[in-house]
Amino acid sequence: MTIMRTLPALAVGLTLSGAAAPVAAAAAAQCTAGWAGTVEYSRHQASSDAKTVKRVSGKGTETTNTSIDDQYVAQIAVRPASDGEYSLGTANINLTATATETISSNDQMICPHERTMRQMSGQFVSKSERRGNASGLKAGVDITTDTEGTYTVSVRLPEFKGTASGSNSASFSGQCKPKQATNQKIADIPTTIDAMRFSSSGEDRMQPSDPNRLSGAHSVTSYGVTESLRWNLRRCGGDLRLVDVTFEDMRFPEWGAWKALVEQVGTIDGNIVRLTAVVANDGPNEKAATVKFRDTYKGDKWDGAKPDGLLGEKTITVPAGEQREVQFEWDSSGYAWFDDGRPRLMQRIKAEVEDKGKKIDDMTRNLKVAPKPLVLVHGLWSNWRAWESWQNILTTSHSFDWKAFPVGEKAEHGRMNTGEEMGNFGPTNTIAENAIELGNYVRYAQKDRNAWHVDLVAHSMGGLISRRYIHATMPTYPDGKPQVSHLVMLGTPNMGSSCADLISAPLERIDRPMEALRELRPINVLRFNAQNSNNKGVPFSVLAGNPLPPVCGMLSRNDGVVAEPSAKWTITDNETQKILHTSMTEAEPFASFVRPRVALGPAKQAAGGSSSAVSGGSARAPARLMILGAENTNDAASVTPEVSKIVMIAPGQTLDVSVAVNDARNFGLTFVAASTVSATLIDGTGEVVGTNLSDTPEASQIFRSVFVDRAITKENWTVRFQSKDRADREIILATWSNAP
């Protein structure tokens with residue numbers, strides 16, 4: 001049986017009954033004082049209607065539109081009474097109510113002395129408003145409970161004085177005799193705002209672990225009217241308490257444009273998050289309080305035993321009977337990950353309020369922090385499809401909230417032109433032009449994810465494009481961090497590629513240079529390095545491949561396009577793997593090289609990441625890269641082809657091309673062609689000395705080579721090309737010899 005106590009008007013009470021009710025009895029035994037806290041009641045009514053009828057003349061219509069928009073909000077401060085178990089409620093109430101009726105008439109008539117119909121119209125608008133604002137009103141808040149620990153929160157709000165006003169207007173068009181538009185305003189007159197009553201559902205339950213705190217919400221919608229109740233109440237907890245903890249971040253690209261965060265959406269790693277705690281003082285005297293914001297692991301499946309960390313703290317003075325906000329701006333960098341590289345799917349932030357060094361209240365809220373967008377920059381003779389599998393890779397590495405943005409996937413936001421595919425020798429953008437397109441795509445990724453910072457992963461020439469963007473146009477923000485948090489390069493020719501020397505030369509000779517290829521020549525990259533030396537505090541990392549012996553006249557092992565020293569350059573965070581140039585955008589290099597450099601927890605991010613700096617620079621402070629002279633780089637030296645030719649092959653054709661060879665200790669052929677073209681190298685005796693065939697892994701390489709590692713004598717050799725293509729294809733070939 002439940003016994004309900006009749007409570008005095010304008011007071012708050014707690015009713016308990018039944019000696020055998022363990023939850024209720026325990027609560028009563030712990031505390032019988034009145035409740036303190038806040039209750040918010042709101043009532044919103046919104047409706048509209050439209051009706052159209054024919055006018056009496058039968059030649060027109062009359063449309064009536066009506067709308068109602070009422071908003072009633074009451075903030076109720078609940079304070080313990082000086083005697084007994086009751087509390088007193090004090091309400092601040094605001095009401096705005098608007099009703100509008102608009103009548104629009106259209107008719108057709110023939111005016112005297114006229115022969116044609118006229119279109120006539122009129123519009124009549126009537127508007128009425130009620131407004132009310134009152135503070136310090138006595139309000140009733142009743143709290144009752146049953147033997148099962150289920151409780152109900154009810155509010156009783158008094159009537160109060162407000163004002164009513166209105167206006168009428170009329171406008172006309174097309175009448176035979178012009179009518180004057182009219183406007184009439186009705187002055188404010190006193191009115192009474194009705195009293196309100198509302199209760200929760202009665203289905204909320206006390207928490208056995210904390211029976212002295214109640215928080216919840218209840219909402220009912222009926223006939224276009226929505227009534228809502230929210231409460232946060234506590235008893236026997238001291239004078240100071242936490243009312244609420246909320247989170248905001250800034251809407252990119254407007255710095256300072258704070259917006260509330262929704263728990264299910266959260267924020268992006270690297271964003272500044274404003275933490276707000278609302279502190280109330282239920283006591284009779286002004287109080288000074290310290291609010292601490294902590295990174296808490298309590299409740300985490302794997303790390304629940306880890307101690308809380310301190311994010312920041314603020315002091316505040318709260319007058320008696322009032323509440324104040326405390327705000328702290330927190331840098332979320334690294335909080336998408338744990339420091340051991342595991343994904344952190346939910347961040348828990350706890351606010352604590354202390355009175356004279358003693359914690360008297362705390363509140364924990366969840367916040368999702370998603371990883372920074374990964375902008376993916378393709379290289380020479382490539383496009384966004386080089387990264388097509390990466391979204392799945394990111395999803396399985398963290399969650400669906402880790403997003404990949406391959407430049408050019410949505411061309412309307414930015415599209416680089418580096419030749420699109422192998423065997424295409426048409427015009428391309430310059431590195432500087434592609435850097436502009438990259439910048440456009442970075443901004444698209446930021447807007448799409450509301451991310452103030454991104455990571456770049458660049459393959460081959462994409463690394464030079466990224467370096468140009470960072471040096472020339474990358475912005476910084478008031479948080480002092482660069483827009484790009486990390487640039488990870490895969491097989492980037494940071495000192496150029498001698499393969500570009502061999503293949504660009506014949507195109508330049510006939511005055512049809514391919515800019516993307518020409519700019520990769522070592523002499524041109526040397527100039528590029530001298531002009532693009534500022535990393536603006538962005539850490540650089542590079543992966544070099546070395547599975548192949550020297551090709552294209554290189555002096556070092558290489559990945560088929562870039563020599564190992566050219567990729568590493570002056571970048572201290574480098575790694576070498578036995579991987580081909582065209583395999584660097586696959587899953588294994590991501591797992592072994594890319595992920596450890598972008599999946600950084602807060603401690604590593606605060607330390608500037610892994611040892612990913614460039615010579616002469618740090619991860620945070622702007623730096624000038626150290627440029628080495630060509631005489632010290634070996635693989636940056638230019639290579640001149642011994643024979644170079646441009647030929648055209650028709651679909652299904654077999655084409656023999658004669659090349660002269662000289663006495664040498666070895667011989668190499670490098671060519672660029674569609675992967676549907678095969679090449680067979682035949683010496684002067686008719687013997688096949690090497691092949692590079694279609695439908696093999698070698699055919700997928702950007703620069704395809706045949707190397708003869710033996711002494712040769714001067715004679716004429718033959719390169720036999722065979723095409724499986726359905727279109728005419730150009731082939732550029734060049735020869736070299738005496739590789740070390």
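None of the figures in this text is laboratory data; all of them are computed from the coordinates on show. Everything quoted here is computed from the prediction, not taken from an experiment. We place every Cβ from the backbone using ideal geometry, glycine too, and count neighbours over all the protein chains shown.
Computed quantities for the displayed model
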| read-out | value |
| --- | --- |
| Spacing of the two label points (7 Å from each Cα toward its C-beta) at Glu588 and Ser121, in nm | 7.2 nm |
| Gained length - Ile646 relative to Lys259, 0.36 nm times residue gap less alpha-carbon distance | 133.4 nm |
| Potential extension, Ser556-Val225 segment - 0.36 nm per residue separation minus Cα distance | 111.4 nm |
| Thr576 versus Glu322: modelled label distance in nm, points set 7 Å from Cα along the beta carbon direction | 7.0 nm |
| Kirkwood hydrodynamic radius (C-alpha pairs) into Stokes-Einstein, the chain, 4 °C and 1.567 mPa s, D in µm²/s | 40 µm²/s |
| Of Gly37, Asn168, Gly266, farthest towards positive along the dipole that unit charges on Lys, Arg, Asp, Glu beta carbons give the chain | Asn168 |
| Segment 727-740 - phi-based ³J(HN,Hα) in whole Hz, Karplus 6.51/-1.76/1.60, Gly and Pro as x | 9, 5, 10, 7, 10, 10, 10, 8, 10, 8, 7, 6, 5, x |
| Total lysine pairs whose alpha carbons fall under 30 Å of each other in segment 337-457 (8 or more apart, or interchain) | 16 |
| Extension reserve of the Arg710-Lys447 stretch, reckoned as 0.36 nm per residue once the Cα distance is removed | 88.9 nm |
| Segment 643-737, dipole about Cα centre (Lys/Arg Cβ +1, Asp/Glu Cβ -1), debye to the nearest 20 | 120 debye |
| Segment 192-239 - charge dipole about Cα centre, Lys and Arg +1 at Cβ, Asp and Glu -1, debye rounded to 20 | 140 debye |
| Efficiency of FRET from Cβ geometry, Thr473 and Ser165, R₀ 51 Å, rounded to 0.05 | 0.40 |
| Selection from Tyr223, Cys236, Ala679 lying farthest towards where the dipole of the chain points positive, charges on Cβ | Tyr223 |
| Simple spin-label estimate for Ala411 and Thr696 in nanometres, 7 Å along Cα-Cβ | 3.5 nm |
| Relative contact order of the chain, pairs being alpha-carbon contacts under 8 Å that are 6 or more residues apart, as % | 8 percent |
| Partner aspartates and glutamates for Lys51 [C-alpha distance under 18 Å; skip if fewer than 8 residues away on the same chain] | Glu62, Glu101, Asp107 |
